[in-house]
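Colleague: Can you keep this structure in mind? I'll have questions shortly.
The values are calculated or read from the model by the stated rules, or taken from the named source; none is laboratory data. Small disclaimer: the values here were computed from a predicted structure and weren't measured. Glycine also receives a Cβ, built like all others from the backbone with ideal geometry; neighbour counts cover every protein chain displayed.
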Amino acid sequence: MKSCKDIQSQLAGFAVGAFQEPECAEIERHLRDCPACHRELRALQRTGALLDATEPEDAPADLWLSIRRDIEAPKPVPARAPWWEMLFPARWPRLAYAGLAATAVIAVALLMTVSRLSPVGDDETQDFIVRHGLLAWNDPLSDKAALGVMLGRGEAGREMQ
């Protein structure tokens with residue numbers, strides 16, 4: 001036996017008599033046992049009766065001529081935009097300005113960071129800082145506060161010797 005979904009997909013054809021005897025018998029058996037599908041068939045039959053009761057309206061006499069004229073009319077050729085407008089549509093200048101502003105902010109931040117990292121002190125202190133940075137890279141728990149104290153006292157160069 002077919003499911004309600006299968007039967008409901010066939011009800012429109014059944015309502016207009018589009019099926020042969022074996023299919024009709026199966027659908028009729030299902031309709032006796034299923035009130036939901038039976039209600040759906042009644043709704044389709046009422047809709048069909050309403051459509052049959054309406055009178056067809058004649059199309060205007062010049063309808064087909066106007067449709068043919070529209071089909072055969074030459075289509076207007078769209079104007080081509082200059083090449084620079086195709087490369088840079090109207091929204092691009094705003095994006096370019098935003099990108100320029102972001103680049104300027106990043107450049108200023110990098111310059112400020114680099115200016116703080118500029119070497120201060122003698123060569124031994126600078127060498128110690130570089131070596132400590134390389135060692136601290138592998139040891140994130142290294143004592144950076146002790147390095148600051150040693151640099152402040154000027155002891156950094158003596159410990160490395």
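Colleague: Tally up the residues in segment 14-41 that are closer than 13 Å to C4 by Cβ and without any contact (Cβ under 8 Å) to a residue 12 or more places away in the chain, please.
Modeller: 4
Yes or no, residue by residue, for (1) out of contact with any Cys (no Cβ under 7 Å at 6 or more places or on another chain); (2) among the charged types (D, E, K, R); (3) not in a helix (DSSP H, G or I):
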{"residue": "H30", "(1), (2), (3)": "no, no, no"}
{"residue": "G48", "(1), (2), (3)": "yes, no, no"}
{"residue": "I67", "(1), (2), (3)": "yes, no, no"}
{"residue": "P78", "(1), (2), (3)": "yes, no, yes"}
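Colleague: Next up: Which condition from (1) assigned to a helix (DSSP H, G or I); (2) at pLDDT below 85; (3) among the aliphatic types (A, V, I, L, M) is the one that M1 breaks?
Modeller: Tallying (1) assigned to a helix (DSSP H, G or I); (2) at pLDDT below 85; (3) among the aliphatic types (A, V, I, L, M), M1 fails exactly one: (1).
Colleague: So is P74 over 30 Å from A15 (Cα atoms) and exposed (fewer than 10 other Cβ atoms within 10 Å of the Cβ) or not?
Modeller: So P74 passes the test.
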